[in-house]
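Colleague: Attaching a single structure in structure tokens format; questions to follow.
What follows draws every value from the coordinates through simple rules; no lab data is involved. Keep in mind the model is a prediction, meaning the values are calculated, not measured. No Cβ is skipped: glycine too gets one built from the backbone with ideal geometry, and neighbour counts run over all protein chains shown.
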Amino acid sequence: MKLSDIMGHAGLAGFAQVALVLFLAVFVAVAIRVFRPSRKTALEAAGAMALDDAPREGDSPTSRLGAIA
Amino acid sequence: MTSATSAQLESFSYDDDIVRKFMWATMLWGFVGMLVGVIIAFQLAVPALNLGIPYLSFGRLRPLHTNAVIFAFAGNAIFTGIYYSTQRLLKARMFSDGLSKFHFWGWQAIIVAAALTLPLGYTQAKEYAELEWPIDIAIAVVWVAFAINVFGTIAKRRERHLYVAIWFYIASIVTVAVLHIFNNLSLPAGMLKSYSIYAGVQDAFMQWWYGHNAVAFFLTTPFLGLMYYFMPKAAEKPVFSYRLSILHFWSLVFMYIWAGPHHLHYTALPEWASTLGMIFSVMLWMPSWGGMVNGLLTLRGAWHKVATDPILKFFVVAVTAYGMSTFEGPMLSIKTVNSLAHYTDWIIAHVHTGALGWNGLLTFGMVYWLAPRLFQTKLHSTRLAEAHFWMATFGIIIYATAIYSAGLTQGLMWRAFDATGRLQYPDFVETVLKLLPMYWARALGGSLYVAGIVLMWYNLVMTWRSRPATYQVPVYQAAPLPKKFTDPVPALPNGAWARFQAAHWHRIWEGKALTFTVLTTVAVLVASAFEIVPTFLIRSNVPSIASVKPYTPLELAGRDLYIREGCFNCHSQMIRPLRHETERYGEYSKPGESVYEHPFLWGSRRIGPDLAREGGKRPDLWHLRHFENPPAITPKSIMPRYQWLTTNALDYSVIQRRVDAMAMLGVPYGGIEGGRALTQAEAMAKEQAARIAANIKAEGGPDGMADKEVVALIAYMQRLGKDLRMPAPGQTASAQPAATPAQAARQGQ
């Protein structure tokens with residue numbers, strides 16, 4: 001028996017629905033994680049990163065991380 | 001600054017020289033690529049503008065135009081923005097100046113190779129993946145160098161958090177590599193000739209998985225990264241919602257990869273795959289608009305600047321074009337809408353709204369923003385930049401209005417029936433002639449857009465001329481990242497759910513670029529596997545047809561000429577199961593008909609009619625005369641002349657090697673005529689050519705055509721769609737419609 005025979009009898013008509021559920025689960029997880037109120041300050045700080053071309057005075061990776069975490 | 005931190009400070013500067021190089025390359029190839037587009041736009045209105053030169057014919061220049069705009073113009077624009085923003089977002093110089101230079105010169109060499117080989121007719125016949133195998137290998141090598149350079153920079157960064165633009169870059173780099181490698185797997189049959197390892201339905205599926213995601217991960221995600229970096233820069237405000245940008249990113253990465261099959265609605269693709277592609281395409285609308293809204297709202301409180309700042313004008317219209325394209329894309333993926341739009345100019349209009357509006361205007365805005373900073377001087381003229389904006393915008397409007405009208409006109413005319421139930425426009429050329437005024441308008445709109453680029457060139461050169469004698473290179477200081485990541489949240493709550501809510505895990509991901517990259521890759525690969533594996537493995541997806549046989553050696557040579565001339569750019573070979581199509585062209589196409597098609601040649605557009613059932617419809621001499629001068633046979637046809645086919649000698653010496661390559665790919669030449677084609681392909685081709693040449697002479701045509709390219713192409717044309725009418729092995733001929741004597745002669749029976 002070939003792999004193509006096994007796949008042919010596997011009943012994969014529901015693949016589209018499985019894919020949809022998979023995506024929805026990931027989407028909900030990311031949405032919950034992103035929109036928690038406790039993340040607001042951190043993410044707003046991260047959103048401003050594009051405006052900083054150079055390291056800020058008195059800056060360190062830890063302090064930057066602290067600012068966004 | 002603490003004493004501990006200051007003790008670790010590292011000095012660094014950014015490499016802007018590479019950014020300047022990529023920026024000039026962007027402008028150069030933007031002009032060239034779009035100029036070629038204008039040339040072929042005029043050729044559609046006046047075919048003689050190819051000057052009778054094979055290298056300038058529409059079929060060969062069209063892929064040059066698309067490749068130049070996508071990979072040369074947009075590609076260099078992406079690299080310009082990535083090299084500039086990545087260094088600044090990561091607070092680190094690029095990992096290796098040597099790799100940066102290798103990337104730059106390697107990419108330009110690839111573009112030059114494309115510009116030489118495509119007009120010469122070397123093509124794989126897969127849209128946006130036309131380049132032949134040695135160039136494909138070079139692309140993979142250069143892309144890997146680029147990836148190493150970016151990931152190396154991420155590894156030595158001095159900023160823990162990866163800004164969302166970097167996420168978009170990572171997704172693009174990884175996915176483009178996967179797409180490029182899998183879609184271009186082919187078997188070489190010569191130095192610049194290869195056959196796709198996939199055939200028919202599988203090849204089509206793979207191609208449009210690639211084709212759609214080339215749009216997604218070459219023309220969308222990297223440009224979104226640029227938008228999230230340069231839009232806040234130009235507006236001098238942070239992005240409207242960083243949260244929305246994260247949602248935007250993950251939604252796009254998960255969804256885009258599924259959408260490809262909408263390019264193949266109503267074709268021989270399995271129904272489930274088609275539906276899956278449609279559903280995910282419609283879902284894509286939401287995150288895309290989330291991104292558009294996020295971009296536009298970044299200008300909150302700064303809208304007054306738009307009135308005076310041409311850079312913001314470019315960005316606003318670019319993001320609006322992104323919104324329009326990403327609304328229209330999902331709409332076009334709905335099967336009923338697609339049945340009207342597919343194969344028409346509507347798709348061309350959709351593509352150009354995205355390419356000229358989104359990619360083009362975003363790039364111009366970015367370059368105008370970068371030029372004074374990179375040349376360390378003021379922009380020569382804001383008024384000229386303003387003029388460029390209006391020229392580009394009106395150019396797009398003229399172009400789009402004309403071509404949307406053309407697409408709708410074409411689609412509606414093709415499907416129109418009269419009161420007696422017959423096709424209202426049975427003659428295909430009638431539907432073409434209606435479009436000519438719109439083709440002129442399109443050429444005008446395109447010319448205006450290119451004229452804007454000329455203005456930009458002048459502005460940039462003048463800006464460059466006022467640069468300082470030596471560029472200043474600021475040196476920054478910052479501490480390196482500690483090797484071990486310590487989450488600054490002092491105490492994590494107890495319990496798995498509480499920890500999930502605290503999102504500790506995601507902060508860890510954000511700090512670990514490698515893990516992040518792997519997760520993105522998994523998202524892309526899982527989605528791809530869900531769609532592609534069943535199509536490749538389920539037998540029932542492609543029912544075989546017993547009467548379908550491999551091409552004869554001469555037909556195969558003719559097919560190679562069909563590919564060389566780019567005939568698939570104007571003619572489809574895929575009749576959809578729609579009444580107006582079967583009325584016009586004949587029996588709809590079956591998946592089993594394409595099982596030996598390496599590569600598939602279904603096409604995606606009908607500037608000319610479908611050819612899937614062309615075989616046996618007309619005499620050989622008709623085809624000869626038609627290739628020589630199409631309007632002489634079909635009055636007012638806009639098909640260009642291919643007179644060189646009747647004078648060029650057919651290269652019989654390569655035929656055996658090509659048959660061998662096909663046999664290696666599984667085409668069963670061994671089972672036909674005792675496997676004669678495996679050893680005597682050249683002799684078989686000559687025998688069939690002699691018969692066709694005799695036919696041509698007997699029909700009143702010229703003598704001595706047996707060694708000319710045209711006989712091979714005629715052999716191929718006369719074979720198209722005929723297998724379906726031939727008896728299956730074991731069946732008597734009487735059970736099937738009998739072949740005419742001329743057809744039998746062509747088949748070598």
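Colleague: Counting only other chains, and only Cβ atoms inside 10 Å, what mean value do you get across the residues of B:303-311?
Modeller: Values: counts 0, 0, 0, 0, 0, 0, 0, 0, 0.
Taking the mean over all residues of the peptide, I get 0.
Colleague: In terms of modelled amide H atoms, which long-range or inter-chain residues lie less than 5 Å from the amide H of B:F417?
Modeller: So B:F417 has HN proximity to B:Q424.
Colleague: Right, here's the next one. With r as the distance between the Cβ atoms of B:W390 and B:T515 and R0 = 56 Å, compute the FRET efficiency 1/(1 + (r/R0)^6) and round to 0.05.
Modeller: Values: r = 47 Å, r/R0 = 0.84.
Computed FRET efficiency for B:T515 and B:W390 comes out at 0.75.
Colleague: Using mean Cβ contacts within 10 Å as the protection proxy, how do B:450-457, B:88-95 order, highest first?
Modeller: Working: B:450-457: 19.2, B:88-95: 22.1.
Highest mean packing first, the order is B:88-95, B:450-457.
Colleague: Using mean Cβ contacts within 10 Å as the protection proxy, how do B:571-584, B:251-264 order, highest first?
Modeller: Taking the mean over residues of other Cβ atoms within 10 Å, the ranking is B:251-264, B:571-584.
Colleague: Next question, about the same structure. Convex hull over the alpha-carbon atoms of the range B:10-466: what's its volume per residue in Å³?
Modeller: On the way: hull volume 69.2 nm³, N = 457.
That works out to 151 Å³ per residue.
Colleague: Moving to a separate point now. Answer with one residue from B:S96, B:F58, B:V176: the one whose Cα lies farthest towards the positive end of the charge dipole of the protein assembly as shown, charges on Cβ with Lys, Arg +1 and Asp, Glu -1.
Modeller: B:S96
Colleague: Another question about this same structure. What distance in nm separates the two pseudo spin-label positions at A:A29 and B:A698, each 7 Å out from Cα along the beta-carbon direction?
Modeller: Using points 7 Å along Cα→Cβ, the separation is 7.0 nm.
Colleague: Given a cut-off of under 8 Å on Cα pairs at least six residues apart, what relative contact order in percent is computed for the range B:10-466?
Modeller: In percent, rounded to a whole number, it is 15.
Colleague: Take every residue in peptide B:230-240, count the Cβ atoms of other chains within 10 Å of its Cβ, and give the average of those counts.
Modeller: Values: counts 1, 1, 5, 3, 0, 1, 1, 4, 8, 7, 1.
Shielding by partners across B:230-240 averages 3.
Colleague: Turning to a different aspect of this structure: Test of understanding: what is the full-extension gain from B:A451 to B:S381, defined as 0.36 nm times their sequence separation minus their Cα-Cα distance? Don't jump to the answer; show the numbers that get you there.
Modeller: Details: separation 70, 0.36 × 70 = 25.20 nm, distance 1.64 nm.
Stretched fully, the B:A451-B:S381 segment lengthens by 23.6 nm.
Colleague: Next question. Considering the dipole of chain B built from charges on the beta carbon (Lys and Arg +1, Asp and Glu -1) around the Cα centre, which of B:W105, B:T377, B:Q688 is farthest to its positive end?
Modeller: The one lying farthest along the dipole's positive direction is B:T377.
Colleague: Something else: In the range B:10-466, if the dipole is taken from +1 on Lys/Arg beta carbons and -1 on Asp/Glu beta carbons about the Cα centre, which of B:S466, B:V367, B:F280 is farthest to the positive end?
Modeller: Ranked along the dipole, the leading option is B:S466.
Colleague: For B:D345, B:D203, B:D427, what ranking results if the residue with the fewest other Cβ atoms within 10 Å of its Cβ goes first?
Modeller: Numbers: B:D345 27, B:D203 23, B:D427 13.
If I rank by nearby Cβ atoms, fewest first, I get B:D427, B:D203, B:D345.
Colleague: Just counting partner chain Cβ atoms within 10 Å, what average do the residues of peptide B:244-251 show around their Cβ?
Modeller: Numbers: counts 4, 4, 9, 6, 0, 1, 8, 5.
Average neighbour count from other chains, rounded to a whole number: 5.
Colleague: If you place +1 on the Cβ of every Lys and Arg, -1 on the Cβ of every Asp and Glu, and leave all else neutral, what size is the dipole of the range B:527-677 about its Cα centre, to the nearest 20 Debye? The partial results should precede the final answer.
Modeller: Details: 19 positive and 16 negative charges, 64 e Å.
Using only the charged Cβ atoms, the result is roughly 300 debye.
Colleague: Still on this structure: How much length is gained if the chain between B:L408 and B:A546 is pulled fully straight, taking 0.36 nm per residue apart and subtracting their Cα-Cα distance, in nm to one decimal? Display every interim value, and only then the final one.
Modeller: Working: separation 138, 0.36 × 138 = 49.68 nm, distance 3.90 nm.
Gain in length upon complete extension: 45.8 nm.
Colleague: Under a point-charge model restricted to the Cβ atoms of Lys and Arg (+1) and Asp and Glu (-1), what is the dipole moment magnitude of the protein assembly as shown relative to its Cα centre, in debye to the nearest 20? List each step's numbers first, then the result.
Modeller: Details: 69 positive and 51 negative charges, 317 e Å.
Around 1520 debye, computed over the protein assembly as shown.
Colleague: Shifting gears a bit: Add -39500 (n - 2.57) for each DSSP H run of 4 or more in the protein assembly as shown, then divide by its residues: what number comes out at 222 nm, to the nearest 500 deg cm²/dmol?
Modeller: Values: 34 runs with 490 residues, N = 818.
So the calculated ellipticity at 222 nm is -19500 deg cm²/dmol.
Colleague: Let me ask something else. Name the residues of the range B:424-452 whose amide N is less than 13 Å from a point 7 angstrom out from the Cα of B:K636 along the C-beta direction?
Modeller: What the label zone holds, given the 13 Å backbone N cut-off, is B:425-437.
Colleague: For B:W289 and B:W24 in one chain, what is 0.36 nm times their gap in residues minus the Cα-Cα distance, to one decimal in nm? Show your work: numbers first, answer last.
Modeller: Values: separation 265, 0.36 × 265 = 95.40 nm, distance 3.17 nm.
Going from the current span to full extension adds 92.2 nm.
Colleague: Right, something else. Tell me, B:Y585, B:Y195 in order of fewest to most beta-carbon neighbours within 10 Å? Write down the numbers at each step before the final one.
Modeller: Details: B:Y585 22, B:Y195 26.
In order of increasing Cβ crowding within 10 Å: B:Y585, B:Y195.
Colleague: Still on this structure, please answer the following. Rounding to the nearest 20 debye, state how big the charge dipole of chain B is about its Cα centre with +1 on each Lys and Arg Cβ and -1 on each Asp and Glu Cβ. If you can, show how the numbers build up before the last one.
Modeller: Working: 62 positive and 45 negative charges, 331 e Å.
Computed about the Cα centre, the dipole is about 1580 debye.
Colleague: Right, here's the next one. Report the label-to-label distance for B:R373 and B:S466 in nanometres (one decimal), using points 7 Å from each Cα along the Cα→Cβ vector.
Modeller: So the label points at B:R373 and B:S466 sit 1.9 nm apart.
Colleague: While we're here: Given the pairs B:K233/B:K378; B:K434/B:K617; B:K590/B:K722; A:K40/B:K237, which are separated by over 19 angstrom at their Cα positions? List each step's numbers first, then the result.
Modeller: Working: B:K233/B:K378 17 Å; B:K434/B:K617 26 Å; B:K590/B:K722 13 Å; A:K40/B:K237 17 Å.
With Cα atoms farther than 19 Å apart: B:K434/B:K617.
Colleague: Hey, fewest Cβ within 10 Å first, where do B:V317, B:V473 land in order?
Modeller: The fewest-first ordering by Cβ neighbours comes to B:V473, B:V317.
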